[in-house]
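Here's the structure, in structure tokens; my notes come after.
The values are calculated or read from the model by the stated rules, or taken from the named source; none is laboratory data. Here the structure is a predicted model, which is why all the values come from computation and not from measurement. For neighbour counting, all protein chains shown are included, and Cβ atoms are generated from backbone atoms with ideal geometry for every residue, glycine included.
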Amino acid sequence: MTARFVPLFFAAALLTLGTPARADDSAATKPDFAHWLDGVRAEARAKGIADATLAKALDGIQPIDKVLDFDRRQPEFTLTLDEYLARVVRPERIAEGRKLMAVHRRLLAQVASRYGVPAPVIVALWGIESGYGKSIGDYPVVPALATLAYDGRRSEYFRGELMDALVIADQGASVQQMRGSWAGAMGQCQFMPSTYLKYAQRWKGEGPADIWHTPADVFASAADYLASVGWDPHATWGRPVRLSAHLDPALIGLAVKKSVSDWAKLGVRQRDGKPLPGSSLMGSIVRADPGKDAVGTGPPFLIYDNFRTTLNWNRSVFFAVAAGMLADRLASR
């Protein structure tokens, strides 16, 4: 992630939060930033964070105006799914991903064996999140989170992430190294601090996981996340399909699950018109449009539980479809 870069998938995910920008009703009584930071220090000390860590992380920081600009002026997400896929699953990304899979073949095989998450899935997320590590973001995470926590619009959430970032620093991560997006997503897999504390993995050696510079830690962390939230190593994510003109629209959406065989009986076919394979695997039909969850008029997909697992990573149907399709392209030759 380059400076000032806001990924398309991140804009899509932010739409799902459903929190419109508004003025802070308590602005008149809000303390200045320096006094507010004193309260952050007190809370952090109560959590056992060392004064030396707090000095390194918080001394001299100021709100970052550009972070507030991004937060308050999030662009309307109006791309269709096809337009979004053309930007995210582009030929250059597929070609680069295949080369990197070859470079890291042995390591990715070891990570896949340990966590049960296929290499193409790991590399697809790596590619979408940070352009294979080239675009992790240039914002210092602690000041960015402090800015958003102080602002008041989603202060409780971002104050929690700020505290988790201070915990990470207290565990030995370099504050200077902790850089990411304007909203605090860090490293090559773009983990928020709370996600880092739960799932980041050090592949070898001691100390905090280095998701900024070490591919092994990036791969292991991404795989640990997916495995922990339910990735099934024996199943796929889904497939594009063709719907019968007579399919009841009420059956479209994540709330309805049927076996592949039952969907076939309802006239659902593979995208090329061939019959679906006979299977008891449970799935749902999704059709995403901008600003809608999974019941729009966009291209239809039959998705399985691994798709739902990807939604834990990013709550955007567009993102989950793109991740699945990129993984499929990386796996094919």
Go through the residues of the stretch 249-268 one by one and say whether even a single one is assigned to a loop (DSSP other than H, G, I, E, B) and in contact with a helix residue (DSSP H, G or I) (Cβ under 6 Å, 6 or more places away or on another chain). no
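Name the residue, out of 55, 23, 11, 3, that is at pLDDT below 95, not in a loop (DSSP other than H, G, I, E, B) and not charged (D, E, K, R). Can you show your working first?
Working: 55 fails: at pLDDT below 95; 23 fails: not in a loop (DSSP other than H, G, I, E, B); 3 fails: not in a loop (DSSP other than H, G, I, E, B).
Unique residue meeting the criteria: 11.
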Here are the criteria: (1) farther than 22 Å from residue 78 by Cα; (2) surrounded by 15 or more Cβ atoms within 10 Å (Cβ to Cβ). Tell me which single one residue 273 does not satisfy. (2)
Give the residue that is modelled with the highest pLDDT, with candidates limited to residues of the stretch 58-73 that are assigned to a helix (DSSP H, G or I) and more than 15 Å from residue 153 (Cα to Cα). 58
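Just checking, which of 216, 183, 169 is under 16 Å from the mean Cα position of the chain (by Cα) and touching a residue at least 40 places away in the same chain (Cβ under 8 Å)? I'd like the intermediate steps shown before the answer.
Working: 216 fails: under 16 Å from the mean Cα position of the chain (by Cα); 169 fails: under 16 Å from the mean Cα position of the chain (by Cα).
Every option except 183 fails the conditions.
Based on what the data block shows, is residue 84 within 18 Å of the chain's Cα centre (by Cα), free of Cβ contacts under 8 Å to residues at least 24 places away in the same chain, within 25 Å of residue 320 (Cα to Cα) and assigned to a helix (DSSP H, G or I)? Before the answer, list the steps.
Details: within 18 Å of the chain's Cα centre (by Cα): yes; free of Cβ contacts under 8 Å to residues at least 24 places away in the same chain: no; within 25 Å of residue 320 (Cα to Cα): yes; assigned to a helix (DSSP H, G or I): yes.
Taking the combined requirement at face value, the residue does not satisfy it.
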Is it true that residue 60 is surrounded by fewer than 19 Cβ atoms within 10 Å (Cβ to Cβ), of a type outside the set (Ser, Thr, Tyr) and touching a Pro at 6+ places or on another chain (Cβ under 8 Å)? no
